[in-house]
Amino acid sequence: MMRHRLRLYTGEDQVSTFPAPEMTVTLGEISALIADAVNSNRAWLQDFEDDRIQISSDLYDVLTTYRRLRPGA
């Protein structure tokens, strides 16, 4: 008969997860691709809509001003 062997869980068996490496690209490298994905309503774009991105403060200022000045739909 096979004996069952019990082990005490200590948490040491947990696998460490490392964050995905971050990439640095210029806005020019991705702007046309993102615009095309938005215009084409690509489903994969929704997979990333909760991802946080980092932009420069001057680009943020320009984007927020553009949002305020844009005519309403």
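Quick notes
- In order along the stretch 28-44, phi translates into HN-Hα couplings of x, 5, 10, 4, 5, 5, 5, 4, 5, 5, 5, 4, 8, 6, 6, 5, 5 Hz, rounded to whole numbers, per the Karplus curve 6.51 cos²θ - 1.76 cosθ + 1.60 with θ = phi - 60° and x for Gly and Pro.
- Radius 13 Å from Cβ of Ala37, net charge of other residues (Lys, Arg +1; Asp, Glu -1): -2
- Converting phi to 3J(HN,Hα) with the Karplus coefficients 6.51, -1.76 and 1.60 and the offset θ = phi - 60°, the stretch 19-26 yields x, 4, x, 8, 10, 10, 9, 8 Hz in sequence order, with x at every glycine or proline.
- MRE, 222 nm, helices only [DSSP H, n ≥ 4, -39500 (n - 2.57), over the chain, to nearest 500]: -11500 deg cm²/dmol
- Multiplying the residue separation of His4 and Leu45 by 0.36 nm and removing their Cα-Cα distance gives an extension gain of 9.8 nm.
- Simple spin-label estimate for Leu69 and Leu27 gives 1.3 nm between the two label positions (7 Å along the Cα-to-Cβ direction from each Cα).
- Structure-derived percent of Cα pairs over 18 Å apart - corresponding label in [x] 64; [y] 44; [z] 69: [z]
- As a calculated quantity, the FRET efficiency between Thr17 and Ser56 at R0 = 30 Å, using C-beta atoms, amounts to about 0.50.
Each value in this text was obtained by applying a stated rule to the coordinates, not by laboratory testing. Nothing here was measured: the structure is a model prediction, and the numbers come from that model. Please note: Cβ atoms are built from the backbone with ideal geometry, for glycine as well, and neighbour counts cover all protein chains shown.
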